[in-house]
2 protein chains.
Amino acid sequence: MKIGEIANAAGVTTSRIRFYEKRGIIAPAARGPNGYRDYPEDLIALLRFIEQAQGLGFTLREIASVEVRSGPHPISCAEAIGLLAGKRDAVDALIAEAEERKRRIDSLISELQKSQAKSEN
Amino acid sequence: MKIGEIANAAGVTTSRIRFYEKRGIIAPAARGPNGYRDYPEDLIALLRFIEQAQGLGFTLREIASVEVRSGPHPISCAEAIGLLAGKRDAVDALIAEAEERKRRIDSLISELQKSQAKSEN
DNA sequence: ATAGGGTTTGAACCTAGGTTGAAGGTTAGG
DNA sequence: CCTAACCTTCAACCTAGGTTCAAACCCTAT
């Protein structure tokens, strides 16, 4: 498959695929006699996996480090669980921070509403 | 006060203050006869306010747009409440998204744990 | 007078995740 | 054969919020 075809199939842009290759997130593509990149269909799944992982909060750097090791065979279940657990903790921390922020905003609002009630400002 | 003094007092770097001035977040400073920036003590409070607002999730662009109008007199209570309410909604949306993300991660983890239990992989 | 610290400017650099453009080679259809 | 739509590379640009550097100027103490 040519880059445009696979980009279409996976729902990403061609520039993004080239960018991933340059950054080492995906392996360099095989080339046809004309120099065009030639992809196996498998790559569609990988591109979707990358999007999913990003949606779960993994950075491209993290995704790449997993990809590197999963070249011949996939990473172990235990390893994957460890990565996911770490990410869940990070998301938990993010939620806690956001909730704290929300509390501060709310208390500021109610403070302002009180002072507004006193003097019609 | 010179830039280093006020930076120290407010707990920010000098480069950050110059950056704020360049971006229009704070007004251009008065200059002494030697060309050095000369700040009133008031600016300490403003710098702290900026940090607080950032901590509440306001971008510098948003902060600047408030600052611009509050030159002569501060913005009204009602206006401030409106801004804060908008930001609280954004934080709410962020929390909801993060919780959804966490749910997806958790379900992936428990799926993996099931398949791990079946075959010691 | 000289060393050290502080200050000035502008420009370049940084992370993250890409997009956009220029200049050129290729391929398919009519 | 010509044109449109692909593909190639490399480099520059983008947001956000700054930091770092270079070259020069200023001030104070010894």
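Could you please give the count of residues in segment A:18-58 that are more than 14 Å from chain B (Cβ to nearest Cβ) and within 13 Å of the chain's Cα centre (by Cα)?
6
Among residues belonging to segment B:84-104 that are aliphatic (A, V, I, L, M) and surrounded by fewer than 17 Cβ atoms within 10 Å (Cβ to Cβ), point out the one that is nearest to the other protein chains (Cβ to nearest Cβ).
Only one residue tops the list, namely B:Ala85.
Scan segment A:17-45 for residues that are open to solvent by 70 Å² or more (accessible area, probe 1.4 Å), free of Cβ contacts under 8 Å to residues at least 12 places away in the same chain and within 12 Å of DNA strand D (Cβ to nearest atom) and jot them down.
Residues satisfying the conditions are A:Phe19, A:Lys22, A:Pro28, A:Arg31, A:Pro33, A:Asn34.
The values are calculated or read from the model by the stated rules, or taken from the named source; none is laboratory data. Treat the numbers as computed from the prediction; the structure is a model and nothing was measured. All Cβ positions, glycine included, derive from the backbone under ideal geometry; neighbour counts span all protein chains shown. When the accessible area is computed, the model is the full protein with side chains, heavy atoms only, and any ligands, DNA or RNA have been set aside. Shrake-Rupley method; radii C 1.70, N 1.55, O 1.52, S 1.80 Å.
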